[in-house]
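The values are calculated or read from the model by the stated rules, or taken from the named source; none is laboratory data. Computed from a predicted model, the values in this text were never measured in an experiment. Using ideal geometry, Cβ is built from the backbone for each residue, glycine included, and neighbour counts are taken over all protein chains shown. Areas reflect the complete protein model, heavy atoms only, side chains present, ligands, DNA and RNA absent. Shrake-Rupley method; radii C 1.70, N 1.55, O 1.52, S 1.80 Å.
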Amino acid sequence: QVHLVESGGGLVQPGGSLRLSCARSGGGVSFHAMGWYRQAPGKQRELVASITTGGATNYQDSVKGRFTISRNRAKDTVYLQMNSLKPEDTAVYYCSAATLRSWLNNEEDYWGQGTQVTVSS
């Protein structure tokens, strides 16, 4: 059974940085894309960034230039480097993974348990 385990969340002051990591455990499935979503209180879950096996990336407009997604394909590990953090980045961040079929249908197959990121002075 496949699991995704996030780490790296926490409390940071505005303008600070955090790096989130998401590691895969379990095998048997090939991921085409991995990504990060976030959900703030009272809001819907939204895509923050994604990266495909080929290295193609996609970012939400509000994080472009501040966040960088990267992936270790051999380990099926994905990272999110977050710089210049703002209070509005506060949310629970979820790692996701999709097979090619799901990615083509704009769906996710697997989710992590979430990690809290709080940006506050």
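Under a model in which nothing but the beta-carbon of Lys, Arg (+1) and Asp, Glu (-1) is charged, the chain shows a dipole of about 240 debye around its Cα centre. Mean residue ellipticity at 222 nm, helices only, the chain: -1000 deg cm²/dmol; runs of at least 4 DSSP H residues each add -39,500 (n - 2.57), and the sum is divided by the number of residues.
Projecting the Cα atoms of Gln44, Leu104, Tyr79 onto the charge dipole of the chain (Cβ charges, centred on the Cα centre) puts Tyr79 farthest toward the positive pole.
Within the assembled protein chains, the solvent-accessible surface assigned to Ser70 is about 50 Å², based on a 1.4 Å probe. Each residue of the range 104-120 was assigned a 3J(HN,Hα) from its phi angle through the Karplus curve 6.51 cos²θ - 1.76 cosθ + 1.60 (θ = phi - 60°); the sequence is 5, 9, 6, 10, 10, 9, 9, 10, x, 7, x, 9, 7, 10, 10, 10, 7 Hz, with glycine and proline shown as x. Taking 15 Å as the straight-line reach from the Cα of Lys86, the aspartates and glutamates in range (excluding those fewer than 8 positions away in the same chain) are Asp61. Expressed as a whole percent, the accessible area of the chain that falls on carbon and sulfur atoms is 46 (1.4 Å probe).
The Cα trace of the chain gives Rg and Dmax of 13.7, 44 Å, the first to one decimal, the second as a whole number.
Centre-to-centre separation between the Cα atoms of the range 42-90 and those of the range 1-27: 11 Å.
Taking all protein chains as they are arranged and a probe of 1.4 Å, the heavy atoms of Ser50 leave approximately 30 Å² accessible to solvent. At a probe radius of 1.4 angstrom, the accessible area of the chain per residue rounds to 53 square angstrom.
For the chain, a Gaussian network of Cα nodes joined below 10 Å ranks Gln81, Gln13, Gln44 by mean-square fluctuation, and the top entry is Gln44.
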